[in-house]
Amino acid sequence: MRTRAALLVEPGRIEVDELDVEEPLPGEVLVRMAAVGICGTDLHSYKGEWERPTPIVLGHEGAGVVEAVGDEVTGVGVGDRVVLSWAPACGECGACKRGRPAACGPLSTAIGRGTLLGGRTGLSRDGELVYRGTATGALAERIVVAEDAALPLEDRVPFEQAALLGCAALTGVGAVLNAARPVRGFSALVLGAGGVGQFVVQGARIAGAAAILVVDPVEGRREQAVRLGATTACAPDDVKEAVRALDPEGVDYVFDAVGSPETTALAMRWTRGGGTTVVVGLPVAGAKLTLDPLDFTNREKMLTGTIYGSEDPAVALPRLLDLTRSGELELASLVGPSFALDDADAAFQASLAGSPGRVLVIP
């Protein structure tokens, strides 16, 4: 079987070409992709900040239609609409048994090696092995994934919106509802209002925040955050005055949706005594964080992280769909510009430029 795909051949250079795709094995499904979001994880690889084997098909946040199923598949069938999850569980490691498939050890190894969970890629170009980004490789017309990586999607959600559910929404909303678990009436500071940050804002609103301050250098993203529920938004240079206007002692919960050592240090600075910092964004490979022990002893601050919303995607997605049906979770306004597969490189450039909405590729 053949498919067209966008391949990262080296940092900053994408080629669109035809690939050979292996047929689904038992427990696998073939998905015709309808929409794929450009995530910060993809950008790290595109910029060369994470070492990944090449050529590699990036993309892991997407939605599409099942076109074929392998033997032993029972959860989805041909014609079903699905959202991709990049975290199918091995089911055997400690993390999987605790219900945290995104922290699965074998999955982490597979992602680093550019393969699916089982160790193969199922992709080649003229006999040359082609790798998979984030154990998925969604920037293609068709992809083969494990059955539990294709989560059922109801008919009413358009594919362009559904794609966001696969990563940005699960990660951002889950960072608040599952990792932080705040009590209603809390104050929140969100550093970074990109795709994930916008969903952190919504998660804070849904959780009953009394005040939500958003910090981002891009004016369009700040304006979008206010429309989604932020009570205040400012540029990075104004964060000191904005936090002090909110509460001179700091904020109850600070969510670092960027994940760099600099933004995490800023998050810790503006977390009040007894408050919590949640690191949501992923750092550049090899980054180190310097901490002040007095923040934890004398000031009783808490620092935690979250990966993929700190919940099993198969459990979290139905909850997000419920929130979408009720109108509490907004998707439509978060959809940004769309690009054809042939223009995948332009899609990455638009995302790097700070598009207020999620940049999509329509294969």
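The values are calculated or read from the model by the stated rules, or taken from the named source; none is laboratory data. Just so you know, these numbers come straight off a predicted model, no measurement behind them. Neighbour counts are summed over all protein chains in view; Cβ atoms, including those assigned to glycine, are modelled from backbone coordinates with ideal geometry.
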Note to self: Can you tell me how many residues within the stretch 82-120 are over 16 Å from Glu311 (Cα atoms) and in contact with a Ser or Thr (Cβ under 6 Å, 6 or more places away or on another chain)?
What the structure shows: 2
Next item on the list: Please tell me if Gly305 is of a type in the set (Gly, Ala, Ser), surrounded by fewer than 21 Cβ atoms within 10 Å (Cβ to Cβ) and under 30 Å from Gly12 (Cα atoms).
Entry: yes
Checklist line | In the stretch 218-271, the residues that are touching a residue at least 12 places away in the same chain (Cβ under 8 Å), outside any helix (DSSP H, G or I) and surrounded by fewer than 20 Cβ atoms within 10 Å (Cβ to Cβ) | finding: Val218, Gly229, Thr231, Thr232, Cys234, Ala235, Asp247, Glu249, Ser260
Note to self: All but one of (1) surrounded by fewer than 22 Cβ atoms within 10 Å (Cβ to Cβ); (2) aliphatic (A, V, I, L, M); (3) in contact (Cβ under 8 Å) with a residue 40 or more places away in the chain hold for Leu291; state the number of the condition that does not hold.
What the structure shows: (3)
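Does Thr3 satisfy being of a type in the set (S, T, N, Q) and in a strand (DSSP E or B)?
On the way: of a type in the set (S, T, N, Q): yes; in a strand (DSSP E or B): yes.
So Thr3 fits the description; yes.
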Note to self: Of everything in the stretch 108-119, what is closer than 9 Å to Thr134 by Cα and touching a helix residue (DSSP H, G or I) at 6+ places or on another chain (Cβ under 8 Å)? Give them in sequence order.
What the structure shows: Ala110, Ile111, Gly114, Thr115, Leu116
Next item on the list: Please specify each residue of the stretch 299-311 satisfying the condition of being closer than 19 Å to Trp50 by Cβ and either touching a Ser or Thr at 6+ places or on another chain (Cβ under 6 Å) or not in a loop (DSSP other than H, G, I, E, B) (or both).
Entry: Gly305, Tyr308
Next item on the list: Please verify whether the stretch 8-23 includes one or more residues that are in contact with a strand residue (DSSP E or B) (Cβ under 6 Å, 6 or more places away or on another chain) and either at positive phi or among the aromatic types (Phe, Trp, Tyr) (or both).
Entry: no
Note to self: Anything in the stretch 168-207 that is small (Gly, Ala, Ser), at pLDDT 95 or above and part of a helix (DSSP H, G or I)? List them, or say none.
What the structure shows: Ala168, Ala169, Gly172, Gly174, Ala175, Ala179, Ala180, Gly197, Gly203, Ala204
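When you check Ile143 against the structure, is it closer than 23 Å to Glu23 by Cα and either part of a helix (DSSP H, G or I) or of a type in the set (Lys, Arg) (or both), yes or no?
Working: closer than 23 Å to Glu23 by Cα: yes; either part of a helix (DSSP H, G or I) or of a type in the set (Lys, Arg) (or both): no.
So Ile143 fails the test.
Any idea which of Phe348, Phe339, Phe296 is buried (at least 17 other Cβ atoms within 10 Å of the Cβ) and assigned to a helix (DSSP H, G or I)? It would help to see each step written out before you state the result.
Details: Phe339 fails: assigned to a helix (DSSP H, G or I); Phe296 fails: buried (at least 17 other Cβ atoms within 10 Å of the Cβ).
Selected residue: Phe348, the only one of Phe348, Phe339, Phe296 that is buried (at least 17 other Cβ atoms within 10 Å of the Cβ) and assigned to a helix (DSSP H, G or I).
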Checklist line | First in the stretch 132-143 and without any contact (Cβ under 8 Å) to a residue 24 or more places away in the chain and not assigned by TED's automatic domain parsing to the domain that holds Ala340, second anywhere and polar (S, T, N, Q) and not in a loop (DSSP other than H, G, I, E, B), Cβ under 6 Å, 6 or more apart | finding: none
Checklist line | Conditions (1) charged (D, E, K, R); (2) in contact with a helix residue (DSSP H, G or I) (Cβ under 7 Å, 6 or more places away or on another chain); (3) at pLDDT below 95; (4) surrounded by fewer than 21 Cβ atoms within 10 Å (Cβ to Cβ); number of the one not met by Glu311 | finding: (4)
Note to self: Give me the residue from the stretch 17-42 that is surrounded by fewer than 17 Cβ atoms within 10 Å (Cβ to Cβ) and closer than 28 Å to Ala350 by Cβ and, out of that set, nearest to the chain's Cα centre (by Cα).
What the structure shows: Arg32
Next item on the list: Considering only the stretch 200-217, state which residues are in contact (Cβ under 8 Å) with a residue 60 or more places away in the chain and buried (at least 24 other Cβ atoms within 10 Å of the Cβ).
Entry: Val200, Gln202
